[in-house]
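Enquirer: Structure incoming, see below.
The values are calculated or read from the model by the stated rules, or taken from the named source; none is laboratory data. The shown structure was predicted, so the numbers you read here are calculated from the model rather than taken from an experiment. When we count neighbours, we look across all protein chains shown, and the Cβ atoms used for this are built from the backbone with ideal geometry, even at glycine.
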Amino acid sequence: MPDRPTPPRPPARDVANSEVPDGIPTRPQGDVAVVVRLVWSDGTEEWRAARAIRWTRTHVMVAWREHDHDPRSERHTWLRAGDVARSVSWFVPPERVPPERTPA
């Protein structure tokens, strides 16, 4: 079976809100599921699932895959702690119309 050529990938986007802290931990500290706020260099904002692997009091190093099934697409960046959350409860649900009540 001949090898299929790998389709070209678009260039990686730059994370505009990336910020490296002072005093970086040298060893991974864990693998914690998180939700991160990424601001891309073109100004778009995205919330996505990631993993926290290192942290300080003010910053978190996160890892995520650009393409879920491609381990080579894994990216790492430092973000301010305010751009990283373990869970969120503030996503706005779709508007619901209350059911009509019939008079008794």
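Enquirer: Can you name every residue in segment 5-28 that is among the hydroxyl-bearing types (Ser, Thr, Tyr) and either closer than 19 Å to ARG54 by Cα or modelled with pLDDT of 95 or more (or both)?
Expert: Here is the first cut: in segment 5-28, the ones among the hydroxyl-bearing types (Ser, Thr, Tyr) are 6, 18, 26.
Selection gives SER18, THR26.
Enquirer: Of the residues that make up segment 43-56, is at least one within 15 Å of ASP83 (Cα to Cα), over 15 Å from the mean Cα position of the chain (by Cα) and not aromatic (Phe, Trp, Tyr)?
Expert: Checked segment 43-56: at least one residue is within 15 Å of ASP83 (Cα to Cα), over 15 Å from the mean Cα position of the chain (by Cα) and not aromatic (Phe, Trp, Tyr).
Enquirer: Scan segment 35-47 and report the pairs whose first residue is touching a residue at least 12 places away in the same chain (Cβ under 8 Å) and whose second residue is aromatic (Phe, Trp, Tyr), with Cβ atoms within less than 9 Å and a gap of 6+ or a chain change.
Expert: Short answer, once both residue conditions are applied: VAL35/TRP47; VAL36/TRP47; VAL36/TRP64; ARG37/TRP47; LEU38/TRP47; LEU38/TRP64; TRP47/PHE91.
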